[in-house]
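The values are calculated or read from the model by the stated rules, or taken from the named source; none is laboratory data. In this text, all values refer to a predicted model and were calculated from it rather than measured experimentally. Because the Cβ atoms are built from the backbone with ideal geometry, glycine has one as well, and the counts that use them run over all protein chains shown. Areas reflect the complete protein model, heavy atoms only, side chains present, ligands, DNA and RNA absent. Shrake-Rupley method; radii C 1.70, N 1.55, O 1.52, S 1.80 Å.
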Amino acid sequence: MRSVHASARPPAVAGNFYAASRDRLSADVSGLLASARTERLPPDGDLKALIVPHAGYVYSGPVAASAYAALRGSETRIERVVLFGPAHHVPVRGLAAPAADVFETPLGAVTIDRAALRRAEALAQVVIDDRPHAPEHSLEVQLPFLQYLLGSFQLAPFVVGDASAEEVAEVMELLWGGPETLIVVSSDLSHYYDDATARRLDAATSRAIVSLDPGGLGPESACGRVPIGGLLVAARRRGLHVDALDIRNSGDTAGPRDQVVGYGSYAFREGARSGAAGPGREASGAEQS
């Protein structure tokens, strides 16, 4: 799709990770949300953050929808999304925010919150650089779900590279805001193990997440383990409670089981604690990332 904005970041994976047609994409997102698993949605507390997978919709879309189903009822209050995803293509030292003023998808343009990015740029670990954003799918694939559910909102997107969990947490807390701000971390879980091994690894990752334990995440846990770790650091400081909503892999959705990619959706809430003891609840529980 050719950009109609002088400072726009056009879609890089439309027609590959998700449909390039506006009508088809809208129908696909609607269908995924309609069939989303909702039995694990916590009954109380104010939704503050999500962890959502980022593969092609045929693979991770059902699990992503389980996270975005948690937004229902919050659509009118959310005005800004602060989005973090790992760098897959262009090396980054720290976190890269875009210079572009809008991000485009087949569903339209999302306005970048330049004021928020100017605040973040004051931190030593944040750079303004469009190059890591241009090919990056981990952020882009979240936008159609957010556009479909929220309509108009501002976006503060960060590609996370060589950074620490503490450096990510510092950016999150700077832009934490109030009920108008949603934080989204985009990450898949384990990559290219057999089904049994992947389930074991993803269960351990899920335990670390619901326990708000960044030390429980290793290199095999998730491609976005650094932004996930940053969220866990910030969530523990701020007393958030987390629920695992849906843990599956590409073998469960659309792929073979000899080499799978793990997907997990998690909701972080302020306010009232969910029904289970401890920081949160675990869910029982591709091509790819």
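Using Cα-Cα distances under 8 Å and only pairs 6 or more residues apart, what relative contact order does the stretch 164-259 have, in percent?
Relative contact order here is 38 percent.
Net charge near R93, counting Lys/Arg +1 and Asp/Glu -1 over other residues with Cβ under 12 Å of its Cβ?
Taking every Cβ under 12 Å from that of R93, the sum is -3.
For the stretch 234-268, run through the trypsin sites (Lys or Arg not before Pro) and keep only the ones in DSSP coil with at most 15 other Cβ atoms within 10 Å of their Cβ.
Working: sites: R236, R237, R238, R248, R257; in loops: R257.
Sparse-neighbourhood loop trypsin sites (Lys or Arg not before Pro): R257.
Return the loop-located trypsin sites (Lys or Arg not before Pro) in the stretch 14-99 (DSSP other than H, G, I, E, B) with at most 15 other Cβ atoms within 10 Å of their own Cβ; answer none if there are none.
Taking the stretch 14-99 and a limit of 15 other Cβ atoms within 10 Å, the loop trypsin sites (Lys or Arg not before Pro) found are R72, R77.
About the Cα centre, and with charges only on the beta carbon of Lys, Arg (+1) and Asp, Glu (-1), how big is the dipole of the chain? Nearest 20 debye, please.
It works out to roughly 360 debye.
Give me the number: length gained by fully extending R131 to T76, i.e. 0.36 nm times residue separation minus the C-alpha to C-alpha distance, one decimal in nm.
Numbers: separation 55, 0.36 × 55 = 19.80 nm, distance 3.28 nm.
Difference between extended and current length: 16.5 nm.
Keeping the other protein chains in place, figure out the carbon and sulfur percent of the accessible area of the chain, with a 1.4 Å probe.
Carbon and sulfur together cover 48 percent of it.
Counting DSSP beta bridges in the chain, what percent are antiparallel, to the nearest 5? Write down the numbers at each step before the final one.
Numbers: 21 of 48 bridges.
Counting DSSP beta bridges with both partners in the chain, the antiparallel share is about 45 percent.
Which value, in debye to the nearest 20, gives the size of the charge dipole of the stretch 171-269 about its Cα centre, when Lys and Arg are +1 and Asp and Glu are -1 at the Cβ?
Taking the Cα centre of the stretch 171-269 as origin, the dipole is about 340 debye.
Taking the Cα-to-Cβ direction at A124 and at V58 and moving 7 Å from each Cα, how far apart do the two end points lie in nm?
Output for this residue pair reads 4.7 nm.
Label the chain by shape, choosing from rounded, prolate and oblate, from the square roots a ≥ b ≥ c of the eigenvalues of the Cα gyration tensor; if a/c is under 1.5 it is rounded, and otherwise prolate applies when a/b is larger than b/c, oblate when it is not.
Note, shape of the chain comes out rounded.
Can you work out ³J(HN,Hα) from phi for every residue in the stretch 169-180, in order, using Karplus 6.51 cos²θ - 1.76 cosθ + 1.60 and θ = phi - 60°, giving whole Hz and x for Gly and Pro?
Along the stretch 169-180, the couplings run 4, 5, 5, 4, 5, 4, 9, 4, x, x, x, 7 Hz.
May I ask you to compute the full-extension gain from A20 to R236, defined as 0.36 nm times their residue separation minus their alpha-carbon distance, rounded to one decimal in nm?
That works out to 73.9 nm of additional length.
Taking K and R as +1 and D and E as -1, what net charge do the other residues with C-beta under 13 Å from the C-beta of F145 add up to?
Values: positive: R72; negative: D28, E75, E140.
Charge balance near F145 sits at -2.
Which is farthest toward the positive dipole end of the chain among G177, A165, P227, measuring Cα position about the Cα centre, with Cβ charges +1 (Lys, Arg) and -1 (Asp, Glu)?
G177
Grab the Cα-Cα distance for E166 and R207, subtract it from 0.36 nm times how many residues apart they are, and report the gain in nm with one decimal.
Numbers: separation 41, 0.36 × 41 = 14.76 nm, distance 2.02 nm.
Working it through step by step, the gained length comes to 12.7 nm.
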